[in-house]
Amino acid sequence: MTVNDDSFTNWKNREEIAESMIPVIGKLHRERDVTVLLHSRSLVNKSVVSILKIHRFARQIDGEELSVTETLPFLQALATLDLGPSQIDIGMLAATYKSDDRGLSVAEFTAGAVSGATGANKTERREPRDVVLYGFGRIGRLVARLLIEKAGSGNGLRLRALVVRGGGGRAAEDLVKRASLLRRDSIHGQFQGTITVDEANSTIIANGNEIKVIYADDPSEVDYTAYGINDAILIDNTGKWRDREGLSKHLRPGIDKVVLTAPGKGDVPNIVHGVNHDMIKPDERVLSCASCTTNAIVPPLKAMADEYGVLRGHVETVHSFTNDQNLLDNYHSSDRRGRSAPLNMVITETGAASAVAKALPDLKAPITGSSIRVPVPDVSIAILSLRLGRETTREEVLDYLRNVSLTSPLKRQIDFTTAPDAVSSDFIGSRHASIVDAGATKVDGDNAILYLWYDNEFGYSCQVIRVVQHVSGVEYPTYPVPLV
């Protein structure tokens with residue numbers, strides 16, 4: 001086998017550049033609360049190979065591969081600026097610089113593009129906001145991982161406690177088991193960091209973050225101020241209460257707002273970050289992050305409605321099985337979910353289609369939906385069939401959605417893949433609400449069918465965190481400002 005020396009040398013050079021980027025990215029994050037992004041993907045705490053892979057798949061607006069040789073000058077320019085807390089996308093800086101015709105240097109262009117984060121304009125560091133997790137299942141543990149990851153320099157969100165059902169007189173053993181479930185996950189892998197248990201104080205210590213474990217069987221049993229927790233955001237991961245009356249039980253001493261990680265009922269606002277999060281009233285104390293499927297379909301549905309108009313639609317979700325199904329055939333309150341989840345495809349209901357009206361009230365088009373649970377443990381796909389307001393072509397739709405994923409305010413929600421052999425496991429760990437599969441997209445006149453992958457666990461958890469950041473007032477601005 002012949003080795004291409006030029007290719008190998010080029011790879012080694014890029015490795016060296018990526019290695020030089022790591023301390024700069026880390027220093028900006030630790031000292032200034034600046035999160036460096038590459039087309040909405042965080043580069044904080046990433047390895048050399050991870051940085052190169054993110055560059056490989058986060059292509060430029062013109063579709064060409066983005067190289068570290070192109071983004072490094074912008075990172076170096078950021079390091080010279082007096083930056084305040086913010087998120088700065090060096091992929092967007094590099095892409096927009098190419099089309100800028102003012103003849104500016106990289107340093108001049110960068111300073112102008114992030115001027116809102118420097119000098120007198122910069123956002124001041126805010127006091128960290130306490131967060132409590134009520135329930136510690138699949139979503140609860142992933143949200144915990146994200147909160148610990150984002151703790152960074154200590155500003156922003158601070159996970160203070162998690163509430164679980166009583167330990168049955170074996171609290172120490174229970175504590176160790178819950179810490180182990182946080183440390184190791186069969187789908188999402190090892191926790192990135194260290195976890196220890198302080199049994200005497202009923203505390204899990206993760207990457208230096210002390211998380212009190214509180215045992216309670218009902219919200220009324222807890223006074224959070226007794227644990228030094230005040231003005232906190234409580235995230236209910238149990239789904240036990242879904243209406244305002246039930247969720248308001250959490251509004252105990254020390255808790256300011258409640259966020260539900262399931263569809264809300266009645267007048268509880270269902271929020272899809274990126275779409276309607278800016279409609280949350282400042283005095284709203286109870287809200288829902290809707291479902292994983294709603295978060296997957298609403299952003300691309302909004303994007304298509306904005307550009308083409310939507311007259312009607314149908315969504316069919318092929319969804320991974322979840323813990324509310326049985327491993328083997330057994331009694332279940334739902335007719336089909338009692339049948340063995342790992343052995344069958346199971347037709348079931350979905351409320352995602354009806355939830356669209358809550359997140360997109362201006363969309364008058366009727367949207368129907370159905371769902372099939374299939375024997376995979378994570379990552380689902382939504383097949384969104386739309387009747388558009390005008391005729392178009394497949395090429396036009398793909399160009400439009402690719403640009404939406406790169407430059408629009410929805411770029412954190414919508415990702416885009418051209419991989420010809422993409423399958424569900426490729427999207428485990430995706431931080432987007434949904435990923436458009438370009439190869440599967442079909443367009444015929446005014447009919448379009450979009451295939452939208454989504455990590456119904458991790459991608460959804462990322463959306464939850466975005467909502468919590470927004471309502472807590474610690475969502476720092478992003479630069480350069482996404483195009484509308």
How many residues does region 309-329 hold that are outside any strand (DSSP E or B), touching a helix residue (DSSP H, G or I) at 6+ places or on another chain (Cβ under 8 Å) and not aliphatic (A, V, I, L, M)?
5
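Yes/no matrix, rows are residues, columns are (1) in contact with a Gly (Cβ under 7 Å, 6 or more places away or on another chain); (2) at pLDDT 95 or above; (3) assigned by TED's automatic domain parsing to the domain that holds residue 258:
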position: 433; (1), (2), (3): yes, yes, no
position: 438; (1), (2), (3): no, yes, no
position: 446; (1), (2), (3): no, yes, no
position: 472; (1), (2), (3): no, no, no
Being free of Cβ contacts under 8 Å to residues at least 24 places away in the same chain, in a loop (DSSP other than H, G, I, E, B) and either surrounded by fewer than 18 Cβ atoms within 10 Å (Cβ to Cβ) or among the aliphatic types (A, V, I, L, M) (or both), is that true of even one residue in region 283-298?
yes
Checked against (1) charged (D, E, K, R); (2) touching a residue at least 60 places away in the same chain (Cβ under 8 Å); (3) not in a helix (DSSP H, G or I), residue 444 satisfies every condition except (2)
Residue that is surrounded by the most Cβ atoms within 10 Å (Cβ to Cβ), among those in region 181-195 that are touching a helix residue (DSSP H, G or I) at 6+ places or on another chain (Cβ under 8 Å) and not aromatic (Phe, Trp, Tyr)
182
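Here's the yes/no breakdown for (1) under 26 Å from residue 382 (Cα atoms); (2) touching a strand residue (DSSP E or B) at 6+ places or on another chain (Cβ under 9 Å); (3) at pLDDT below 95:
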residue: 234; (1), (2), (3): no, yes, no
residue: 239; (1), (2), (3): yes, yes, yes
residue: 282; (1), (2), (3): no, no, yes
residue: 306; (1), (2), (3): yes, no, no
residue: 344; (1), (2), (3): yes, yes, no
Taking the condition in contact (Cβ under 8 Å) with a residue 60 or more places away in the chain and in a strand (DSSP E or B), does residue 160 pass?
yes
All positions within region 211-241 that are within 19 Å of residue 140 (Cα to Cα), in contact with a Lys or Arg (Cβ under 8 Å, 6 or more places away or on another chain) and surrounded by fewer than 17 Cβ atoms within 10 Å (Cβ to Cβ):
215, 216, 217, 218
Output for region 145-160, where each listed residue is closer than 21 Å to residue 228 by Cα, touching a Ser or Thr at 6+ places or on another chain (Cβ under 9 Å) and at pLDDT 85 or above
157
Can you pull out every residue in region 337-352 that is part of a helix (DSSP H, G or I) and either surrounded by fewer than 21 Cβ atoms within 10 Å (Cβ to Cβ) or of a type in the set (Asp, Glu) (or both)?
342, 343
Quick check on region 98-105. Is at least one of its residues modelled with pLDDT under 90 and not in a loop (DSSP other than H, G, I, E, B)?
yes
Here's a check for you: in region 364-379, which residue that is touching a helix residue (DSSP H, G or I) at 6+ places or on another chain (Cβ under 7 Å) and part of a strand (DSSP E or B) is surrounded by the fewest Cβ atoms within 10 Å (Cβ to Cβ)?
368
Considering only region 406-428, state which residues are surrounded by 13 or more Cβ atoms within 10 Å (Cβ to Cβ), in a helix (DSSP H, G or I) and without any contact (Cβ under 8 Å) to a residue 60 or more places away in the chain.
426, 427
Any residue at all in region 64-77 that is assigned to a loop (DSSP other than H, G, I, E, B), surrounded by 15 or more Cβ atoms within 10 Å (Cβ to Cβ) and in contact (Cβ under 8 Å) with a residue 12 or more places away in the chain?
yes
Selection status of residue 163, under 20 Å from residue 231 (Cβ atoms) and not assigned by TED's automatic domain parsing to the domain that holds residue 50:
yes
Please enumerate the residues belonging to region 447-484 that are surrounded by fewer than 19 Cβ atoms within 10 Å (Cβ to Cβ), outside any strand (DSSP E or B) and hydrophobic (A, V, I, L, M, F, W, C).
481, 483, 484
Which one is surrounded by the most Cβ atoms within 10 Å (Cβ to Cβ) among residues in region 30-53 that are modelled with pLDDT of 90 or more and in a helix (DSSP H, G or I)?
51
Exactly one of 390, 431 is surrounded by 17 or more Cβ atoms within 10 Å (Cβ to Cβ) and of a type in the set (D, E, K, R), and that residue is 431
For residue 253, all conditions in the list (1) assigned to a loop (DSSP other than H, G, I, E, B); (2) within 22 Å of residue 461 (Cα to Cα); (3) modelled with pLDDT of 95 or more; (4) of a type outside the set (Phe, Trp, Tyr) hold save one; what is the number of the exception?
(2)
Conditions (1) farther than 27 Å from residue 335 by Cβ; (2) of a type outside the set (Lys, Arg); (3) modelled with pLDDT of 95 or more; (4) surrounded by 19 or more Cβ atoms within 10 Å (Cβ to Cβ): number failed by residue 398:
(4)
Which members of region 83-92 meet the condition of being surrounded by 24 or more Cβ atoms within 10 Å (Cβ to Cβ) and either over 10 Å from residue 39 (Cβ atoms) or without any contact (Cβ under 8 Å) to a residue 40 or more places away in the chain (or both)?
88
Filter region 242-263 for residues that are closer than 12 Å to residue 134 by Cα and touching a residue at least 60 places away in the same chain (Cβ under 8 Å); which is surrounded by the most Cβ atoms within 10 Å (Cβ to Cβ)?
261
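The values are calculated or read from the model by the stated rules, or taken from the named source; none is laboratory data. Remember, predicted model here, so these are calculated numbers, not experimental data. Cβ: placed from backbone, ideal geometry, glycine included. Neighbour counts: every protein chain shown.
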